[in-house]
Each structure stands twice: as C-alpha cells, then as structure tokens.
1. If the requirement is being among the polar types (S, T, N, Q), touching a Pro at 6+ places or on another chain (Cβ under 7 Å) and more than 16 Å from the ligand (Cβ to nearest atom), which of these qualifies: THR472, THR451?
2. Residue check: is GLU435 within 21 Å of VAL535 (Cβ to Cβ) and among the acidic types (Asp, Glu)?
3. Any residue at all in segment 462-473 that's outside any strand (DSSP E or B) and at pLDDT 95 or above?
4. Going by the structure shown, is ASP368 closer than 18 Å to ILE303 by Cα, of a type in the set (Asp, Glu) and at pLDDT 95 or above?
5. Can you list residue pairs whose Cβ atoms sit under 9 Å apart, with the first residue in segment 440-457 being surrounded by 16 or more Cβ atoms within 10 Å (Cβ to Cβ) and the second being of a type in the set (Ser, Thr, Tyr) and not in a strand (DSSP E or B)? Count only pairs 6 or more apart in sequence or on different chains.
6. When only residues in segment 470-488 that are surrounded by 19 or more Cβ atoms within 10 Å (Cβ to Cβ) and of a type in the set (Val, Ile, Thr) count, which is farthest from THR518 (Cα to Cα)?
7. Could you please give the count of residues in segment 141-159 that are among the charged types (D, E, K, R) and either without any contact (Cβ under 8 Å) to a residue 40 or more places away in the chain or in contact with an Asp or Glu (Cβ under 8 Å, 6 or more places away or on another chain) (or both)?
Amino acid sequence: MGSQLQTIALGNIHPGGWIMKQMEKDLHGFVGHLDQLAPELMIDDLIYGEHRLTTKIKGKSVGNIQPEDEWIIQYLWWNSESQSNWWDGYLRHSFLLDDKKHLQRINEHIHYILSTQDEDGYIGIYAPDLRYSFSTENGELWSKATLYRVLLAYYEATGDVKVLDAVIRAVQNVMDNYPINNSTPFLAEKSYAGVSHGLMFTDVLDKLFTITGQKIYLDYAVFLFKDYCKHDVSEKDVQLQNIFNVAYKLLGHGVHTYEHIRSLTVASFATREPELQKALAIYLERIETSTTPSGGPAGDEWIFERNGHATDTGYEYCSIHELMDSYLLLLAKTGDPIFADKVEKIFLNAAQGARHPEHNSIAYLKTDNSYEMCGTRNGEIEPNKKQTRYKYSPVHQDVAVCCSPNAGRITPYYVQHMWMKDEEGPIACLFGPCEAEIMVGNRKITVKEITSYPYDFSVIFEITANDPVNFTLKIRKPAWTNSVKLNTPFTEQKDFFCIKKEWRGMERVTIELEPAITINTSSDNEVYFSYGPLVLAHPIEAIETKTKEYGIKDMFDTYYKPVKLVEYIYCGGNVAKKEGVLNFEVDMINKQSGMLEKVSLTPVGKTVLRQVSFKQKK
Ligand SMILES: [Zn+2]
C-alpha cells in the first residue's frame, strides 16, 4: 500500500552546481516575476478569498484569447490553477535555495490562505451558493488539488502543524460533501478541463496518507478514480473501459492524460487489484508510444491518436512536468530504477530543450525537430487557428498562463527526488549536484553529491556520519551503462550498486559512469543519437527577433527563424566525440545538395532550433 521508497522532506535537500545556478536564474527570472508579468491573474484576483466565485459572476478576465461565450464557464476556475501552480514552483524554489527574501513572501501567502478557511473547513474558490452542487463544468476539486499541494509542501518544509491541520480539515470537508461511495463528484454535463483535472485531488490524498498513515485517504482516492471512470468526462484516456479496449489510442488533452497516470497508480497500489495493475501496465505502454525521442510527451495540445514524432507532434511544457511527476511517483511506489531513467530522460532532454538556453523564457509548445519558432509548428500555417504557442516567452499570456508555472515546478520536483531512502538507507536515485540531510534510523547523516552530471560522468559522494552508523548506500545503475568504476567494494542488486558497511566521519565514494554513443531508432524508423542520458541534436543557427518586452529586466518574448535550413540524412557513419567536451561529429547527407558533410551534434538541452531525428538513406 505504501511506497517502496520514501522521499526526503523539502528543506532537507538543496541543489548544487549547475542546477542551483539554473534555479537561481529562474527564481530571479520568470519564477520570481510571474506575478508582475501577469498581475491581474496571479495577484489581483483573490479567487480563494474575497473574489470567490458565486452565481452572480458572469465572467472574468483570465487573460487568454477569449473563447466562445458558451464555454466561458470553463475558464472561471482558471486563475486558481495559474496561481497555485505558480506558488507551488515558487515556494519549492525558495525552500530549495533557502532564499530568505522570497520565503518571507511565501509565509505571508500561506497565512493569507489559512485566513480564508471557513468554519466548516472549506478552502476553495466557491462561495456557499455554488460549492459541491454543480451540474456542469467546475473547478471544485482542481482548484483544491493545486492549492493543497502547495500547503502540504509548506508543511513538509516547515513542520508547521497549523498548515497540516488546515489541509486535513479542508479535505474532510470534501469527504463530508462528496461522501465516499455515495456521491458522484465527476457527474457533470458538458464538463471540461476543470472537472477532469479534478481527478488530481488524488495527489493530495496520497500525500496525506504518506504523512498521516490514515488509510481513509487512499480509500477516498480509489473512490475518486472509480467514480471518474463511470462518467462522461471530457478526458477519457485513463478510464478503465478505454484502457481495456485494445483498439483504443490515446487521444485526449495531453496534460490530463499524463497527470492521470498518478491517479491510476495510486488506485492500483492502494488496492493491489489485478485489474487496476493490468490497466496501469497497459496505460504505461501507451504513454511510451506517445513520447518523442527526447522524452517529450506528445500533445499540442491534444494527442489525437498520434505516436510521438520528432517533427509532427509538439509537446506542451505542462505535459513535460506532469509526465515527469508521474514517473517520480512510480519510482517511489515501485522502487524500480527504470522510472528514474525515464525521469532523467525527460528532465535532461525534453524539459531542458524546451526552455531557452540563455534567456528567461520557455516554449509553450516545442518539437524535437525544431526548424522555426515563430508561433506555429515548424512554420506551418494551421487553417482557422491563430497559433502562437511555438515561441519563447516568460509568461505566454496570449494563450494561457499554465506552462510557465509548470516550468517553475519541474526543476524543484527533480531536485526533491534526487535522493530517496528505504529501510536499509539512502538511495542516490537521480544524478546531479546536490546536498541532503537524511535520517537513517534515528541518526542524521549528510550526503553531498559533487558532479557536473550529465555534463560529466564522474560523481563524488561525500557521506558524513558524525556518529558511526550502519547502513547500505544505494546508487542507481543507469540503464544506459554496463561499465562503471567505483572506489569502494560493492554488490549489485536490482540495478542498484550497494555499499553496506559502518560509516563514520566523512567518507568519499567515487563512481565513474561510462556512457557510450548510442544510435537509436524512433517509432517512425528515423535515427537519433544519445550519449548516456543525453539525447543529441544538430543545432541550427537562428536569427532572433524580440517580439514583446515586459518592462522588467531581461523579460521578453522571442521568435527564431533559421539562417539557412538544411535537413540532414543519416547514411550509417560513426559518431565521433571530441576530446573533453560534449561535442560530436558525424558524416551525413545534406538533403538539399546531396553532398556528404560533417555535422555537429550537441545535447538537445543546449539548443533552440535543431534537428534531433534523421531519416536514413535506403
Ligand atoms: Zn501549459
């Protein structure tokens, strides 16, 4: 029922090296400024407080291109998602970086939210005349899922029991008003994104179970999942009847499809019902086929029964975060390091490759093969649609402020899971520079991971135990390596290197991971290259145009056009690595001239325009 691996509390782990620098840049960039970039959505609308929605409100500004009137209702909850997801990433950045100035603001916000709690425990976006009595689209559970995740993160970092108690009472209020097995939270006509996102209330329930050990939270999560399967919701990919339909292909709004993995996972592990376990296995196979070579989860914004394709299927930054978070949960629940490989693939490639390598901006939508970023997918004109998502912006307010908040969440979630633990001791799950304090039994040890991974492959672990203590240090064996050097005797178990001994004082364990250049074939029979966890791309020189400025230092939107677009075709040659750097070279055919040329490759995360996958010469 519980997880195989336990997480390390927020506040007991901190990034180092390049990840710390990137997080500091984001905190001083779009993460720390999103409220100034879109104040009317993020700050002015006190949607959980004074501006709670009532039957009297007809519409409000949510800052996007306005939809048809009849759909207006679906947008009314939207600022709750934008705000809470933003606070979630902002709060985690602030704790992970221990930034006192920003933590001050975080404290004030949390106390403001607690002040909105009603006598009966309700914390949410609806006035009493609306709550729990919907016949159509609503954000009752979704607005709470996003906010309570923030509150529980704050509790985790501070141990402030007032905040935990507030969440427990607020969740009890949900369980009182939607009684378990005796209500239908997902029965709603013409429901849309909000109702379907509401299934993610299972995130809160799973976390509350972890904190309190109270099984009722898992039982309630199972109830929500099963109720979700019974109704005509907008997002049906995760419904059991569709999972067990062999002809069914994923077609939903990507971000829903990828986040719903977690609800199915929680239900499956809570009940151990063979039907749910089988459903999870089938669902994960389908998810696999919908990802691109860089790990990008197809959906621009819908999946529409397509496999992940390097040129034709865009992926949304929200989906990148949600799929990674789902794999993190699977890593914890199963203890299987294969999910850590998937997390690294997404984070180090799709996620790094969809943020601008220098500016404070991200792509709302991105493709692996990215030939132009001027609003549309690789310069295509989409009829009857003004597409503006393929560009770099710190906010993307002309579409929706969803991806920017989620881009602020992804790095903290990665860092928080770099170390986990089980009853035998600490586990290095995801590689990268960081420091953590970990309780082993009743002893506190510290671990410091010194590395530039994935930009070099030697990792030094400094383990400090002030009092001698016995435990097993486990280090994940990445799926891409067969060959490692460790300076300490070890055994290998289930793809972990295990060092079992008494630890005393400061001890150093050094591991040298030895990646090789790998030539991979994509689902559409194109070739792409990887080096250890890194997917490689041929960078395409681009002309940058600033399309919008925000009057805030270093905040602007940009478009990119190629200086000269050449596509390359792979004809079977070897890939050579340049000494000491992550630059590679391979002979390929210039599609336009037919001539053989030396083509450079570099990690996809360092690129803007690029070619990742290559057709093969027959
Ligand atoms: Zn988004």
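1. THR451
2. Criteria not met by GLU435.
3. no
4. For ASP368, the condition - closer than 18 Å to ILE303 by Cα, of a type in the set (Asp, Glu) and at pLDDT 95 or above - is met.
5. Once the first residue is surrounded by 16 or more Cβ atoms within 10 Å (Cβ to Cβ) and sits in segment 440-457, its partners that are of a type in the set (Ser, Thr, Tyr) and not in a strand (DSSP E or B) give PHE457/THR451; PHE457/THR481.
6. Of everything passing the filter in segment 470-488, THR472 is farthest from THR518 (Cα to Cα).
7. Residues in segment 141-159 being among the charged types (D, E, K, R) and either without any contact (Cβ under 8 Å) to a residue 40 or more places away in the chain or in contact with an Asp or Glu (Cβ under 8 Å, 6 or more places away or on another chain) (or both): 1 in total.
Here is a yes/no grid of residues against (1) under 21 Å from the mean Cα position of the chain (by Cα); (2) over 20 Å from THR55 (Cβ atoms); (3) among the hydrophobic types (A, V, I, L, M, F, W, C):
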site: PRO128; (1), (2), (3): no, no, no
site: ASN138; (1), (2), (3): no, no, no
site: ARG149; (1), (2), (3): yes, yes, no
site: ASP165; (1), (2), (3): no, yes, no
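The values are calculated or read from the model by the stated rules, or taken from the named source; none is laboratory data. Everything numeric here is computed off the predicted structure, so don't read it as measured data. Reconstructed Cβ throughout: ideal geometry from the backbone, glycine too, with neighbour counts over all protein chains shown.
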